[in-house]
Amino acid sequence: MLQCIFILSDSGEVMLEKQLIGHKVDRSICAWFWDQVISQGDSFKQQSVIASPTHYLFQIVREGITFLACTQLEMPPLMGIEFLCRVADVLSDYLEGLNEDVIKDNFVIVYELLDEMIDNGFPLTTEPNILREMIAPPNIVSKMLSVVTGNSSNMGVTLPGATASCVPWRTTDIKYANNEVYVDLVEEMDAIINRDGVLVKCEIYGEVQVNSHITGVPELTLSFANPSIMDDVSFHPCVRFRPWESHHILSFVPPDGLFKLMSYRVKKLKTTPIYVKPQITSDAGTCRINVMVGIRNDTGKMIDSITVQFQLPSCVLSADLTANHGAVTVFSNKMCNWSIDRIPKDRAPALSGTLLLETGLERLHVFPSFRVGFRIQGVALSGLQLDKLDLRVVPSRLYRGFRALTRSGLYEVRS
Amino acid sequence: MAPPAQTNRSPSPSQPSGKSEVTDLKSQLRQLAGSRLPGVDDSKRELFKKVISYMTIGIDVSSVFGEMVMCSATSDIVLKKMCYLYVGNYAKVNPDLALLTINFLQRDCKDEDPMIRGLALRSLSSLNVANLVEYLVGPLNAGLKDNNSYVRIVAVIGVLKLYHISVTTCIDADFPAVLKHLLLNDQDTQVVANCLLALQEIWNGEASTSGDAMKEREALLSKPFIYYLLNRIKEFSEWAQCLVLDLVVKYVPADSNEIFDIMNLLEDRLQHANGAVVLATAKVFLHLTLSMTDVHQQVYERIKAPLLTLVSSGSPEQSYAVLSHLHLLVMRAPYVFSADYKHFYCQYNEPSYVKKLKLEMLTAVANESSTYEIVTELCEYAANVDIPIARESIRAVGKIALQQYDVNAIVDRLLQFLEMEKDYVTAEALVLVKDLLRKYPQWSHDCIAVVGNISSQNVQEPKAKAALIWMLGEYSQDMSDAPYILESLTENWDEEHSAEVRLHLLTAVMKCFFKRPPETQKALGAALAAGLADFHQDVHDRALFYYRLLQHNVTVAERVVNPPKQAVSVFADTQSSEVKDRIFDEFNSLSVVYQKPSYMFTDKEHRGPFEFSDELGSLAIGTESDVPAHVVEAK
């Protein structure tokens, strides 16, 4: 049971305080929290569960905003963390992004939302679709509307129908002139390539995102050409379990709008789309660095947004890096960023340069890890393929769209 | 990034200006209070917003309480909401003024709009003023019978709030019975869930004094009721599902068929997108099958994949909490995860407490077939920029070596560490080589050849120095210059600040003396003299003891100091298995994240006023303070 939620800005200010039970939590807990952050640095800021002298704190950080919840009782930690994540998601959805100003400008809405999302410390409604019906988001349309009609309430006039229906994620009376449903496969590739250039781990974490605008209560079924490659799946509550068990078919009544239908993992992939080959040799106080990037397996699709990032070890005094393609930036914290974007046809991008080591140091002892970013549109690298999407009752006009995208997740090359 | 500490305390600089603005607000509100002009709601709304924003910053605006209440007569729902918020915040400190709000809140509780009814009821029950509870009973009763589920949902929680304000009022009004009726009959699952939540709390509170409440509490765990909930579980919201699952954990099924029925019913919950549901389900599975060893193993297999996915898919905060649970499972049943070791490889930008957990898991899951790869991976971390992790990974390599029978490759790796010429790597590796030799004396030849090349000048850390000295003493017959190194160390006796190192030095010189007396005699004399003059009690005593022993009889002394040794088979673990079982019983709770059973950190008795803050200090490094399951120091 959560007792209190604080929303804190990056400068340590309490932007919002929501007491959840009769027993008030004093604000001094935030002061304690910041004292710890200051004295212990970022590693503390990243811990999700913290014991303070008086309370247990859950924290998550999104876009520089800290969401802090307090409890004094033993409770499932994931419940606290998941709930805060939902709050953050709902807020950024409502306010179209999260930052200090937008929360301060709309704090009344934030209060209203929290009021509906949690009562007496126990999570209540976190389904964005239902919340939207109870509290209108502060978008331009509603602002316009309030100016024109003079009615400035941002409250829903009626209670959402879904609170009483057995499909809690959807209201019954949705109408569209054009019925559309889009299915996106979004995959992230995690990989580790070790010092010898061997691919030690390569995995894909994927999501099926659906954006549906369909009249009424549609029954959708979605099937894959090769469902067996998925290792572990988890579903949005709307997915029925039996058809998946028996035929690997996703059968569901979608929420309105964009949502994550399922997520999956594909293990043990054998190749990566691009290679990054770092070479570091050091002798007599200087160090030569050379990084080559190229396409390993041509997927037939354009790879873009390629970046290579690495942190120079602290013993490096200065770095002189140049690349034959793309831009290289060395930040003051010795983080290097090489943005390549697309690989040109005529030559392989290469970064080279020299690092000057601290005096007294002959050779480099610690080696940087290179984090690689890329994006490939139009292909799901796991090889997962959508087969078909059916509606039980097909409305007069229906547009179906499919897309795929693969981007790098935690992709690192060690040197 | 670093926030200025003063901003979050209280509004230090803005306080004076805040005061005058509050009086300003007060007069403006007063003007608007009676006004019925069109557009007055908008100006009220601006003022309310200001009041609430002051309240949020931490300025005390309780002085406008009366004016706020006067302005609350409005049909604008946003205004109402702000007013409710304000009232809820200040009613407790202004119990007399709070009486003023009762009237309009009670009126709102009868509004046509169910949303207003619900909101008003929620605020009314959140006033938290003991002498106003009499006004709450009526609206709550009406709310529980409301035909709109939104109002009922609020009313049920309202009863719980009432219970916490005034137990007797709640019991006298017979609310528990009404809730029980709703629990069993209401169509709306959220109402049912809230009833469950409220009744659990109420009956838990009453059980100590009332036999009826005790019976009622037990009835929640009866078979029909549990099945009633389980059969409807998919209709519940994800949070309510957690609540139900938490109750099911306490249920004791009659036979194994029942266990399988429940697990079949809940199996798809493991594929829920909400991590809290997945973990709660995993807990049910683990607890149901505790007595069935085979099935219990299958449960590990079954819950493995969803947990691994949660680790890789969630936000860093979620994945840490899940990882802590996974850590617990891996430690209990490493063989189940032996094929998944790659999941525990560390990524460069993970925070170090996550890396630490992962290293421990890698150590635990290493088996004959994966050892080579895992050790290769760990060796890469040894060159990591993050020095504490580099150290941890070397220790992990050592631990794996101590677990395995085939240590051939690992010894080579460890010896490579010694050649890396980084002081902290050398230091950690030395300690490990020492432990390794205690377990596998047969490797002494290879190890000593390398250790002999290390100059004792390059080793500064006490633990490593002690390890090196121990090896010099133990294997002095194989290291040609051992007596001379010991001698030079003895000469620098006064510069050695660690008592541990001096103790080891004494013993090592003794051992060396028995093996190579002519070469060591000088060092022994010097060491004993220095030891006797040492200000540290232990060092002094040991030197004296050795001295008298030698005086008494040299052969006896040799038998005491240098007896034939048996290889150590298992090193002691620091966390007892009883404690580990306790933590396991509390799966899906904070204890798992802290790696301590809850009584150790929630019971007042178990932590002194200061002990707790000590723990916090160590939390910074990792989650656990007492698990560096290091080897018991050799004497």
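The values are calculated or read from the model by the stated rules, or taken from the named source; none is laboratory data. Everything quoted here is computed from the prediction, not taken from an experiment. Backbone-built Cβ (ideal geometry, glycine too); neighbour counts: all protein chains shown.
Couple of notes before you dig in:
- With respect to being more than 11 Å from every other protein chain (Cβ to nearest Cβ), closer than 20 Å to B:A333 by Cβ and at pLDDT below 70, B:S576 fits the description.
- Criterion violated by A:W32 - all others in (1) over 28 Å from B:G158 (Cα atoms); (2) at the interface with another protein chain (Cβ under 9 Å from one of its Cβ atoms); (3) modelled with pLDDT of 80 or more satisfied: (2)
- Note on segment B:250-285: among residues that are buried (at least 17 other Cβ atoms within 10 Å of the Cβ) and farther than 24 Å from B:E317 by Cα, the one that is farthest from the other protein chains (Cβ to nearest Cβ) is B:I259.
- Criterion applied to B:V425, B:V407, B:V365, B:V433 was being touching a Pro at 6+ places or on another chain (Cβ under 7 Å) and either at pLDDT 80 or above or not basic (K, R) (or both), and the one residue passing it is B:V365.
- Scoring A:P123 on the criteria (1) over 20 Å from the mean Cα position of the chain (by Cα); (2) over 29 Å from B:T189 (Cβ atoms) leaves a single failure, condition (2).
- Flag for B:E301 being part of a helix (DSSP H, G or I) and among the acidic types (D, E): yes
- Residue list for segment A:188-201, filter: touching an Asp or Glu at 6+ places or on another chain (Cβ under 8 Å) and more than 9 Å from chain B (Cβ to nearest Cβ): A:M189, A:A191, A:I193
- Among the residues listed as B:H296, B:H287, the single one being farther than 25 Å from A:I60 by Cα, without any contact (Cβ under 8 Å) to a residue 12 or more places away in the chain and in a helix (DSSP H, G or I): B:H296
- Test set (1) surrounded by fewer than 16 Cβ atoms within 10 Å (Cβ to Cβ); (2) part of a loop (DSSP other than H, G, I, E, B) - B:S476 fails condition number: (1)
- Any hit, segment A:315-325, residues being in contact with a Ser or Thr (Cβ under 9 Å, 6 or more places away or on another chain) and either surrounded by 19 or more Cβ atoms within 10 Å (Cβ to Cβ) or at pLDDT below 80 (or both): no
- Some residue of segment B:376-386 being crowded, with 20+ Cβ neighbours inside 10 Å, touching a residue at least 24 places away in the same chain (Cβ under 8 Å) and more than 10 Å from chain A (Cβ to nearest Cβ): no
- Here B:A130 fulfils each of the conditions (1) at the interface with chain A (Cβ under 9 Å from one of its Cβ atoms); (2) under 39 Å from the mean Cα position of the chain (by Cα); (3) at pLDDT below 85 apart from (1).
- Looking across segment A:10-27, the residues that are of a type outside the set (V, I, T), within 8 Å of chain B (Cβ to nearest Cβ) and either touching a helix residue (DSSP H, G or I) at 6+ places or on another chain (Cβ under 6 Å) or not in a loop (DSSP other than H, G, I, E, B) (or both) come down to A:G12, A:E13, A:M15, A:L16, A:E17, A:Q19, A:G22.
- Candidate set: segment A:66-110, residues that are surrounded by 19 or more Cβ atoms within 10 Å (Cβ to Cβ) and part of a loop (DSSP other than H, G, I, E, B); chosen: the one nearest to the other protein chains (Cβ to nearest Cβ): A:P76
- Scan of segment A:192-222 for residues that are part of a strand (DSSP E or B) and over 30 Å from A:D256 (Cα atoms), ordered by number: A:I192, A:I193, A:L199, A:V200, A:K201, A:C202, A:E203
- Segment A:111-133, residues that are at the interface with chain B (Cβ under 8 Å from one of its Cβ atoms) and outside any loop (DSSP other than H, G, I, E, B): A:Y111, A:E112, A:D115, A:D119, A:F122, A:P123
- B:A429 vs. criteria touching an Asp or Glu at 6+ places or on another chain (Cβ under 8 Å) and touching a residue at least 24 places away in the same chain (Cβ under 8 Å): no
- Residue in segment A:36-56 that is modelled with the lowest pLDDT, counting only those that are more than 24 Å from the chain's Cα centre (by Cα) and within 7 Å of chain B (Cβ to nearest Cβ): A:Q40
- When B:H540 is tested against (1) assigned to a helix (DSSP H, G or I); (2) modelled with pLDDT under 85, just one condition goes unmet, and that condition is (2).
- Test for B:I469: is it within 42 Å of the chain's Cα centre (by Cα), hydrophobic (A, V, I, L, M, F, W, C) and surrounded by fewer than 21 Cβ atoms within 10 Å (Cβ to Cβ): no
- Between B:R122, B:R152, the distinction of being facing chain A (nearest Cβ under 9 Å) and either of a type outside the set (F, W, Y) or under 30 Å from B:E235 (Cα atoms) (or both) belongs to B:R122 only.
- Unique residue being of a type outside the set (S, T, Y), away from chain A (no Cβ under 14 Å) and not in a helix (DSSP H, G or I) when the list is B:E428, B:E368: B:E368
- Only one entry of B:S125, B:S75 meets the criterion of being in a loop (DSSP other than H, G, I, E, B) and touching a helix residue (DSSP H, G or I) at 6+ places or on another chain (Cβ under 9 Å), and that entry is B:S75.
- Scope segment A:229-242; condition more than 15 Å from A:I204 (Cβ to Cβ) and more than 7 Å from every other protein chain (Cβ to nearest Cβ); matching residues: A:C238, A:V239, A:R240, A:R242
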